[in-house]
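**Q** Pasting a structure here, questions to come.
No lab work stands behind these numbers, since they all come straight from the coordinates. Quick caveat, the model's predicted, so the values are computed rather than measured. Cβ atoms come from the backbone with ideal geometry, glycine included; neighbour counts cover every protein chain shown.
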């Protein structure tokens, strides 16, 4: 069954979309949970999972971008207004930018602390050749946290847009990214 037949994303695009969504939410919750850690050591152990998941998110998003070149997304439904298409494109562009830049920024910040990133013991990203500078690392992490808040806002805007089109406009936009339901052209 070809799910990309004019109105739906391909099965792989759907899978990558939902994997990235779940990974972003889990990564956010891990970072929030680390703030409540009893000790600095406990916080570091919790955040190691956040760092590892950030690398996985980067890889999934990079794969998603490659897949978009191989299997382009379906065109936007004809009933979407020009401003809706522009907003959708802007939100998607911001998603991709943040989801690629945030893990790189995290790696640079960890490197400025002199650290590496272990991806659950499977492999390790080495320290980047940046000067040791904890103050800079802290600034990058603070900017990373603000970018994370922006990402959460984008998720809300994206979700509300999909729900608006599906519930009020009844054009099935949400079903473009689900293996069931009808997405209209």
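**Q** Using only the Cα atoms, work out Rg/Rh for the range 103-146, with Rh taken as the Kirkwood radius, to two decimals.
**A** Ratio of gyration radius to Kirkwood radius for the range 103-146: 0.99.
**Q** Taking only the C-alpha atoms, wrap a convex hull around the chain and report its volume per residue in Å³ as a whole number.
**A** 137
**Q** Now, a different point. From the P(r) of the range 75-174, could you give the percentage of C-alpha pairs in the tail past 18 Å?
**A** Percentage above 18 Å: 60.
**Q** Could I ask something else about it? Run the simple label-point estimate for residue 138 and residue 152 please: 7 Å along Cα→C-beta, distance reported in nm.
**A** Placing both labels 7 Å beyond Cα along the Cβ direction yields 2.3 nm.
**Q** Take each of the peptides 37-43, 149-155, 104-110, average the number of other beta-carbon atoms within 10 Å over its residues, and list them starting from the highest.
**A** 104-110, 149-155, 37-43
**Q** On C-alpha positions alone, give me the angle between the axis of helix 11-34 and the longest principal axis of the chain, in degrees, nearest 10.
**A** Between helix and principal axis, roughly 40 degrees.
**Q** Given the convex hull of the Cα atoms of the range 1-107, what is a quarter of its surface area in nm²?
**A** Projected area, direction-averaged: 8.2 nm².
**Q** Compute the distance from the alpha-carbon center of the range 131-178 to that of the range 18-94, in whole Å.
**A** If you average the Cα positions of each part, the centres end up 7 Å apart.
**Q** Length gain on complete extension for the stretch residue 43 to residue 85, per 0.36 nm per residue less the alpha carbon to alpha carbon distance?
**A** Full-extension gain reported as 11.0 nm.
**Q** With a 10 Å radius around each residue's Cβ, average the other Cβ atoms per peptide and rank 49-57, 139-147, 7-15, 125-133, highest first. Spell out each step's value before the answer.
**A** Values: 49-57: 20.2, 139-147: 15.1, 7-15: 18.4, 125-133: 12.6.
Result, highest mean Cβ count within 10 Å first: 49-57, 7-15, 139-147, 125-133.
**Q** Tell me, what is the Rg over Rh of the range 129-185, with Rh the Kirkwood radius over Cα pairs?
**A** On the Cα set of the range 129-185, Rg over Rh gives 1.36.
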